[in-house]
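Here the structure comes first, spelled out in structure tokens, and everything after it is commentary.
Throughout, read-outs are computed from the coordinates displayed, never taken from laboratory work. Nothing here was measured: the structure is a model prediction, and the numbers come from that model. Virtual Cβ from ideal backbone geometry, glycine too; neighbours counted across all protein chains shown.
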Amino acid sequence: MLTSNFEDSKWTDQETGFAMAPNKLIIPVKINIEPYGFVSRYQALSWGANIEDNLKKLIELLVDKKLISIDMLIQGFITSNSYKEANM
């Protein structure tokens, strides 16, 4: 989450570098600053005020990267036994 707090932290740049080393998927989410440093090579996901639009963009990105499928997502909702479980 790219916020002014992210930029001000002395640890986030190092943590980002550690995550990138083993080729983990990095999804920068732009709240109020542009990607910089290690994450500047990635297109940031703009996060707005509408949570539904934000989540739709995130799910579309994960489906596009083949990390989840719509079938997996639907199956997760179908097999959940409670709101809490579905939320997880």
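Listing for the model above:
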quantity	calculated
Where a residue in region 69-88 is over 19 Å from residue 56 (Cβ atoms) and its partner, wherever it lies, is surrounded by 10 or more Cβ atoms within 10 Å (Cβ to Cβ), with Cβ under 7 Å and at least six apart	80/86
Lone qualifier among 44, 49 - being over 23 Å from residue 88 (Cβ atoms) and touching a Leu at 6+ places or on another chain (Cβ under 7 Å)	44
Residue list for region 47-88, restricted to those being outside any helix (DSSP H, G or I) and surrounded by 13 or more Cβ atoms within 10 Å (Cβ to Cβ)	47, 68, 80
Number of positions in region 16-31 that are under 15 Å from the mean Cα position of the chain (by Cα) and surrounded by 12 or more Cβ atoms within 10 Å (Cβ to Cβ)	9
